[in-house]
There are 2 protein chains.
Amino acid sequence: MPGKKTYSIPALKRLPAYLRELRRLRGEGVARVSSPILARALRIDTISARKDLEMVGVTGSPGVGYSVEQLIDGIETFLGWKNASEAFLVGTGDFGRALLGYPGFAAHGLKIIAAFDRTPPPGEETIHDIPVFELSEFRHLAERLNIRLAILCVPEEEAQQTAEYLVDCGILAIWNFTEHTLHLPEHIIRQRVNLGGDLAVLSVKLAERLDELDNDPDVPTASKGKP
Amino acid sequence: MPGKKTYSIPALKRLPAYLRELRRLRGEGVARVSSPILARALRIDTISARKDLEMVGVTGSPGVGYSVEQLIDGIETFLGWKNASEAFLVGTGDFGRALLGYPGFAAHGLKIIAAFDRTPPPGEETIHDIPVFELSEFRHLAERLNIRLAILCVPEEEAQQTAEYLVDCGILAIWNFTEHTLHLPEHIIRQRVNLGGDLAVLSVKLAERLDELDNDPDVPTASKGKP
C-alpha cells in the first residue's frame with residue numbers, strides 16, 4: 001500500500017461506474033478511450049472526468065486518450081480491489097438475504113464469506129452458498145479469519161447494540177443498511193445506505209415536477225399530475 | 001403545494017433521520033427539543049442542524065428550543081409525506097423482493113402498490129401482500145392509477161430498455177437500484193442507490209486505517225491489519 005491518498009468522496013463514488021464502463025469497452029475490444037466519452041457514459045462533465053482519473057494517477061495522451069487496460073488497472077489498484085476484501089454479513093432477513101445473493105459484489109472487490117444471525121433460519125446452513133452461523137460465533141471467526149469489514153442488516157432496534165458487539169470483536173468498518181445512526185468510537189469507519197434520504201430527494205423533486213406540469217397550460221390534461 | 005422550495009440535497013437526505021429521532025422523542029413523551037440534541041443524534045454540528053430546520057420553515061425559540069410536534073409536522077409537510085406517494089416496483093428478483101417486504105417505507109411516505117416482472121414468479125400472485133403483474137400490464141395500470149414513481153430492480157442488462165419503457169408509460173421519477181447509469185430525457189428524475197460507490201469509499205478508508213495500524217508501533221500485533 002503506497003502513502004496517504006488524496007481523494008474526494010464524490011469522485012470515489014464514481015470510480016465503480018468508470019470501471020463498469022471500461023470493462024464493457026474492453027469486452028468490445030476497445031483499446032483506447034477519451035475523457036469526453038467516459039464523461040458522457042457517466043452523465044458528468046469532461047473536466048470532472050479528467051480530475052477523477054487524475055486522482056487515480058493515470059494520465060491520458062492528447063489526441064489518443066487513455067489506455068482502457070491501464071485505466072482499469074489503475075482504478076482497481078487505487079480502490080484496493082485487485083484482491084477482494086472479505087466481509088461478514090449480520091442479519092439474514094429479506095435484505096441480508098438479497099445482499100448475500102447479489103451478483104455485483106465480486107466486480108466491486110467484495111467477498112462475503114459468512115453470514116450471522118441471532119437466530120439463524122432453521123434448517124438452512126447456507127444462503128446462496130454462503131454459510132450462516134449464530135451471532136455468538138462472530139468473535140472467534142472474525143479473529144481467526146482477520147475480518148475487518150461487516151455489513152449490518154439487522155432490524156432497526158438491534159442495530160446499535162449489534163454494531164457495538166461487532167466493534168468489540170475487532171471490526172473496523174461497518175456498512176450500515178439499517179436506518180439507525182450508529183454511535184460508535186470516532187475511528188470506526190461507517191458507510192450508510194440511506195434509503196429514506198433517497199426517498200426524500202425523490203419526493204421533493206417529483207412534487208416540484210408535478211407542480212410545474214399542473215401550472216403549464218401547454219401540457220395536455222392526461223399527462224398532468226394528480227389532481 | 002406552495003411555491004418553489006429552496007433546498008440542499010445533503011440537507012434533504014438528513015430529514016428522514018430527524019423525523020426518526022423526533023418520532024422516537026414523541027414516543028417517549030418529550031415535547032420540546034434543542035438543536036444541539038438533534039445535532040448530536042444525527043452526528044452533525046449544531047449550525048448545520050439549525051440550517052436544516054430553517055430550510056423546513058420551523059423556527060425554535062431561544063431557551064425553549066423546538067416543539068417536537070411542530071417539527072414532525074413541518075418536515076412531513078416539506079417532504080410531501082403527509083400523503084404517501086404511490087409507486088410501482090419493477091423486477092421481483094432478490095432485491096425487489098426485499099424492498100417489497102421492507103417495513104421502513106411507510107414511515108418515509110412511500111407505498112408500493114404493485115410489482116411487475118417480465119416473467120413473474122410462477123404461482124405467486126402477491127409478494128409480501130403486494131400484487132405482482134406481468135410487465136406488459138404496466139402501462140394501463142400506471143395510467144389508470146396515475147403512478148409517476150417507479151422503483152427499478154431489474155437485472156443490469158435490462159435496466160436501460162426497461163427504464164425507457166417506464167418513461168414511455170408516463171413515469172416521471174425512477175429510483176434506480178441497478179448499477180446502470182440510465183440515459184433518459186433530462187426532465188426525468190433519477191435517484192440511484194450506488195452500492196459500488198459506497199464500497200469504494202469503504203475500501204479506501206479501510207485500507208488507510210489498516211495502513212495506520214500497521215505503521216503504529218504501539219498497536220499490539222493481534223489487532224493489526226492483514227499481513
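The values are calculated or read from the model by the stated rules, or taken from the named source; none is laboratory data. Note that the structure is predicted; figures quoted are calculated from it, not measured. With ideal geometry, Cβ positions are generated from the backbone for all residues, glycine too; neighbour counts draw on all protein chains shown. Note: accessible area is taken over every heavy atom of the protein model, side chains too, but ligands, DNA and RNA are not part of it. Shrake-Rupley method; radii C 1.70, N 1.55, O 1.52, S 1.80 Å.
Values for this structure:
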| item | result |
| --- | --- |
| Residues that are buried (at least 17 other Cβ atoms within 10 Å of the Cβ), farther than 22 Å from B:L206 by Cα and in contact with a Phe, Trp or Tyr (Cβ under 8 Å, 6 or more places away or on another chain), drawn from the range A:1-33 | A:V33 |
| Within the range B:188-199, tally of residues that are facing chain A (nearest Cβ under 7 Å) and assigned to a loop (DSSP other than H, G, I, E, B) | 2 |
| Subset tally (residues that are farther than 16 Å from A:A87 by Cβ and open to solvent by less than 40 Å² (accessible area, probe 1.4 Å)) for the range A:127-159 | 1 |
| Qualifying residues in the range B:93-147 (those that are aliphatic (A, V, I, L, M) and touching a Lys or Arg at 6+ places or on another chain (Cβ under 9 Å)) - the one nearest to B:I75 (Cα to Cα) | B:A107 |
| Residue match in the range B:197-204 (condition: buried (at least 19 other Cβ atoms within 10 Å of the Cβ), more than 28 Å from A:W175 (Cα to Cα) and touching a Lys or Arg at 6+ places or on another chain (Cβ under 9 Å)) | no |
| Counted residues, the range B:1-48 - those being without any contact (Cβ under 8 Å) to a residue 60 or more places away in the chain and farther than 30 Å from A:N215 by Cα | 29 |
| Output for the range B:61-78, where each listed residue is of a type in the set (V, I, T) and more than 18 Å from A:L199 (Cβ to Cβ) | B:V64, B:V68 |
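Here's the yes/no breakdown for (1) crowded, with 16+ Cβ neighbours inside 10 Å; (2) in contact with a Leu (Cβ under 6 Å, 6 or more places away or on another chain):
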| site | (1), (2) |
| --- | --- |
| A:T59 | no, no |
| A:G65 | yes, no |
| A:I72 | yes, yes |
| A:F78 | yes, no |
| A:A106 | no, no |
| A:P121 | no, no |
| A:E125 | no, no |
